[in-house]
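The numbers here are math on the coordinates, done by the rules we state, and not lab data. This structure is a prediction, so every number in the text was calculated from the model and none was measured. A quick note on method: Cβ atoms are made from the backbone with ideal geometry, for glycine too, and the neighbour counts reach across all protein chains shown.
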Ligand code: FES
């Protein structure tokens, strides 16, 4: 099955064109589940699209829904429930700082504000050069290591003092060159 453009109703978003390589990755995820439970692969498919495109557009949600036999709204419910899915384009480096209560008690909010100030952005904002998006996030499951943060949804960093935050930003800037 391939994802094709869908334009049969003026109110329905058009499905994104997905490459054969992307569809092959989808197929590998779907194969992990019984044939009548393809929708179980929705989170994996969303992650694949985000890895390849940097974010999950409404058009990509429609394409995933088409592929998995799900209504677009059902895909959207998953995208909006988990804050790891980017609902709009983000910077090359997405920095999420935990500000849930246990981290709040150990400088989580201060760490967030330090990064925001250093990069000159508001919570959820992206630097003009497109390098960094900074946002608070929910508990990352490492409360004892606060302040805790996540880089690009993959790398978790602990004990993020101002000095360590500054060093991280400089390291990522250097990586981007
Ligand atoms: S509250 Fe921040 S990691 Fe749990």
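Would you check which residues across the stretch 96-121 are in contact with a helix residue (DSSP H, G or I) (Cβ under 6 Å, 6 or more places away or on another chain) and either in contact (Cβ under 8 Å) with a residue 60 or more places away in the chain or not in a helix (DSSP H, G or I) (or both) and list them? Selection gives 97, 98, 99. If only residues of the stretch 153-167 that are surrounded by 18 or more Cβ atoms within 10 Å (Cβ to Cβ) and free of Cβ contacts under 8 Å to residues at least 60 places away in the same chain are counted, the one that is nearest to the ligand (Cβ to nearest atom) is 157.
Consider residue 83 carefully, then state whether it is within 16 Å of the ligand (Cβ to nearest atom), surrounded by fewer than 16 Cβ atoms within 10 Å (Cβ to Cβ) and in contact (Cβ under 8 Å) with a residue 24 or more places away in the chain. Quick ask: steps written out before the conclusion?
Values: within 16 Å of the ligand (Cβ to nearest atom): yes; surrounded by fewer than 16 Cβ atoms within 10 Å (Cβ to Cβ): yes; in contact (Cβ under 8 Å) with a residue 24 or more places away in the chain: yes.
Yes: the conditions hold for residue 83.
Those residues that are over 21 Å from the mean Cα position of the chain (by Cα) and under 17 Å from residue 164 (Cα atoms), I need them from the stretch 114-142; list them, please. Lay out the reasoning, then the answer.
First pass over the stretch 114-142, keeping only residues over 21 Å from the mean Cα position of the chain (by Cα): 114, 117-118, 120.
Correct list: 114, 117, 118.
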